[in-house]
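The values are calculated or read from the model by the stated rules, or taken from the named source; none is laboratory data. These figures come from a predicted structure and were not determined experimentally. Neighbour counts run over all protein chains shown; Cβ positions are idealised from the backbone, glycine included. The area values use the complete protein model at the heavy-atom level, side chains included, leaving out ligands, DNA and RNA. Shrake-Rupley method; radii C 1.70, N 1.55, O 1.52, S 1.80 Å.
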Amino acid sequence: MSKFNIEEHPHKRLNPLTGDWILVSPHRAKRPWQGQVEKTVSDERPSYDPTCYLCAGNERAGGKFNPPYKGTFTFTNDFSALLTDSPYGIVDEGNLFQAKSETGICKVICFSDNHSLTIPEMEVEDIRKVVDVWCNEYAELAANEMINYVQIFENKGAIMGCSNPHPHGQIWSSSSVPSEPEKESKTQKEYFEKHGTTLLGDYLKAELAKKDRILVENECFVALVPYWAVWPFETMIISKRPVQNITLLTDAERTAFADIYQKLTIKYDNLFEVSFAYSAGLHQAPTDGKDYPEWHLHMHFYPPLLRSASVKKFMVGYEMLATPQRDITAEQAAQRLRDLSDVHYKSK
Ligand code: H2U
Ligand code: ZN
């Protein structure tokens, strides 16, 4: 029997941030595809859409009107999943029936007044304004006694369930720490207690030495395909300096964050020459007032597309019932993204 080769043979990889394992099957990458082929929707849009509930001056679904804003605009979600004034309570009927009340604040952030743009089509100085909004919102929500975690995220593209093409993101903040950041909190704490350095700081150093999975690098940030990526073109942006949360970034780091967010998403759009869909979001320290030296700010990108503008990956079958699986390796995905132009295909 031949010697184990990670580029050819089925194997499992550990995600040290969650403790989960994923299955990689590189030998299947060449298998024929006869499944669903979706139509791609043309994404040419006007800079103002009178029917858009996020455009300046327009009426939202809840009946409120947006001001005639320029640049970014933030408002409390009209259909918030979490409420500030819901009553406190617990259900504790033994181990099998447990429930707890949860409170929180949900917000929507319009990234630009220009309806036709997306992050990869925006100027870095305008994306920087989005980063500033994230900083201010995180700080304001963190100062609220009730809020113990702030989740900043962006759903982009109809296939990710995004309800509107107007460039926007969301913030859901809550009284408890949700499951994913809770897992990452635990693993990062364990690592920090053992090594005295952050898990992602050490991971980033090793990745920068190897270079196999690095996509984009600037002075303060790196975008890479993580070793343990589940989605075919899953990526992460990691700050070079370990900071617990976005408010601790320097002025230069905030601009560098905007720069790498733009550069990574340009690569994404160039991959299939389509406005590339994803769910992306920041992970940072809880906001319960405690110190979290182990927490290292980062942003995850989970895009659904697999092999073309219209073929997406479904997390079904074995993946729903057993463990996530991928065919194309993280290294192959990184190579493809790295080789793409840094200039957006629409501006060529
Ligand atoms: P997406 O990021 O998935 O597109 O969601 C947009 C959010 O905007 C969604 O949470 C909110 C929805 O509740 N929304 C408003 O707050 N007001 C509106 O007029 C429509 C949508
Ligand atoms: Zn709009």
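Quick notes
- Residue match in segment 304-323 (condition: of a type in the set (K, R), touching a residue at least 12 places away in the same chain (Cβ under 8 Å) and more than 18 Å from E234 (Cβ to Cβ)): no
- When the residues of segment 238-284 are filtered to those that are in a strand (DSSP E or B) and among the aliphatic types (A, V, I, L, M), the one that is farthest from the chain's Cα centre (by Cα) is I238.
- Residue within segment 165-180 that is surrounded by 15 or more Cβ atoms within 10 Å (Cβ to Cβ), more than 16 Å from ligand 1 (Cβ to nearest atom) and free of Cβ contacts under 8 Å to residues at least 12 places away in the same chain present: no
- Residue within segment 293-307 that is open to solvent by 30 Å² or more (accessible area, probe 1.4 Å) and within 30 Å of E145 (Cβ to Cβ) present: yes
- Filtered residues of segment 114-150 (kept if touching a Leu at 6+ places or on another chain (Cβ under 8 Å) and farther than 19 Å from A256 by Cα): H115, I147, V150
- Checklist (1) of a type in the set (F, W, Y); (2) within 14 Å of ligand 2 (Cβ to nearest atom); (3) closer than 27 Å to E180 by Cβ; (4) open to solvent by 20 Å² or more (accessible area, probe 1.4 Å) applied to F111, failing item: (4)
- Cβ pairs under 6 Å, 6+ apart, first in segment 61-74 and in a loop (DSSP other than H, G, I, E, B), second more than 15 Å from ligand 1 (Cβ to nearest atom) and open to solvent by 50 Å² or more (accessible area, probe 1.4 Å): G71/K129; T72/K129
- Segment 215-255, residues that are open to solvent by 20 Å² or more (accessible area, probe 1.4 Å) and closer than 28 Å to L306 by Cβ: E217, Y227, V230, W231
- Qualifying residue in segment 167-183 (condition: in contact with a Leu (Cβ under 6 Å, 6 or more places away or on another chain) and over 26 Å from D291 (Cα atoms)): yes
- Among (1) over 25 Å from P26 (Cα atoms); (2) among the aliphatic types (A, V, I, L, M); (3) open to solvent by 10 Å² or more (accessible area, probe 1.4 Å) - the single one I260 does not satisfy: (3)
Residues checked against (1) within 23 Å of A277 (Cα to Cα); (2) among the hydroxyl-bearing types (S, T, Y); (3) within 14 Å of ligand 1 (Cβ to nearest atom):
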| residue | (1), (2), (3) |
| --- | --- |
| E59 | no, no, yes |
| N66 | no, no, yes |
| Y69 | no, yes, no |
| T84 | no, yes, no |
| V91 | no, no, no |
| S101 | no, yes, no |
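- Lone unmet requirement of (1) closer than 21 Å to I119 by Cα; (2) out of contact with any Ser or Thr (no Cβ under 7 Å at 6 or more places or on another chain); (3) modelled with pLDDT of 95 or more for R213: (1)
- Residue satisfying all of: in segment 54-75; at positive phi and surrounded by 11 or more Cβ atoms within 10 Å (Cβ to Cβ); farthest from ligand 2 (Cβ to nearest atom) among these: G71
- Enumeration of residues in segment 289-322 that are closer than 28 Å to K194 by Cα and touching a strand residue (DSSP E or B) at 6+ places or on another chain (Cβ under 8 Å): H296, L297, H298, M299, H300
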